[in-house]
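A short worksheet on the structure shown next.
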Amino acid sequence: MDPDLSLEVVFYQTESGNEPVREWLKTLSKPDKQAIGADIKTVQYGWPIGMPVVRKMEPGLWEVRCRLDRRIARILFTLKGHQMVLLHGFIKKSQKTPQGDLQLAKERKAKLEKYDE
């Protein structure tokens, strides 16, 4: 693939400069981090990409679907130009994406859009 078409992966930053997804990743085991990193890289160099790696949640919001050892992780992201902005990451404990996790990603996405105005 043409490297010019790849996405730049960036972590969402709070007003205080924290990067919640990066901080969450640091709490995971090395094999989990590697699996999630590989899936993000697949999206980065293969975009646009669909199931089973990426699922659209709503307009402008997608999830990277990561299979870990006996667990499932999700990274919710949005696109900003050629940037893949990682908004929220979590370990999935049920079939449906928890409303609180989805809401948090939507709020972070809205904050990003507000700064672009």
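The values are calculated or read from the model by the stated rules, or taken from the named source; none is laboratory data. Computed from a predicted structure; not experimentally measured. Methodologically, a virtual Cβ is constructed for each residue, glycine included, from the backbone with ideal geometry; neighbour enumeration extends over all protein chains shown. Accessible surface areas use protein heavy atoms only, side chains included; no ligands, DNA or RNA. Shrake-Rupley method; radii C 1.70, N 1.55, O 1.52, S 1.80 Å.
Annotation: Lys56 fulfils all but one of (1) out of contact with any helix residue (DSSP H, G or I) (no Cβ under 9 Å at 6 or more places or on another chain); (2) closer than 25 Å to Glu107 by Cβ; (3) in a helix (DSSP H, G or I); the unmet one is (3). Return the residue satisfying two criteria in turn: it lies in segment 59-79 and is in a loop (DSSP other than H, G, I, E, B) and in contact with a helix residue (DSSP H, G or I) (Cβ under 7 Å, 6 or more places away or on another chain), and of such residues it is nearest to Lys30 (Cα to Cα). The residue in question is Asp69. For the residues Arg65, Arg55, Arg71, the requirement of being open to solvent by 50 Å² or more (accessible area, probe 1.4 Å), more than 19 Å from Leu7 (Cα to Cα) and among the basic types (Lys, Arg) singles out Arg71. Look at (1) open to solvent by 90 Å² or more (accessible area, probe 1.4 Å); (2) over 18 Å from Leu104 (Cβ atoms); (3) charged (D, E, K, R); (4) modelled with pLDDT under 95 and you find that Asp2 fails only one, number (1).
Contact annotation: residue pairs with Cβ atoms under 7 Å, 6 or more positions apart or on different chains, pairing a residue in segment 92-113 that is open to solvent by less than 80 Å² (accessible area, probe 1.4 Å) with a partner that is among the β-branched types (Val, Ile, Thr), are Lys92/Ile72; Lys109/Thr78; Leu112/Thr78; Leu112/Val85. Just to verify a result, which residue in segment 5-44, among those that are farther than 23 Å from Lys111 by Cβ and modelled with pLDDT under 95, is most open to solvent (accessible area, probe 1.4 Å)? Among residues in segment 5-44 that are farther than 23 Å from Lys111 by Cβ and modelled with pLDDT under 95, the one most open to solvent (accessible area, probe 1.4 Å) is Leu5. Every residue in segment 19-58 that is within 20 Å of Arg71 (Cβ to Cβ), touching a strand residue (DSSP E or B) at 6+ places or on another chain (Cβ under 7 Å) and among the polar types (S, T, N, Q), please. Across segment 19-58, there are no qualifying residues.
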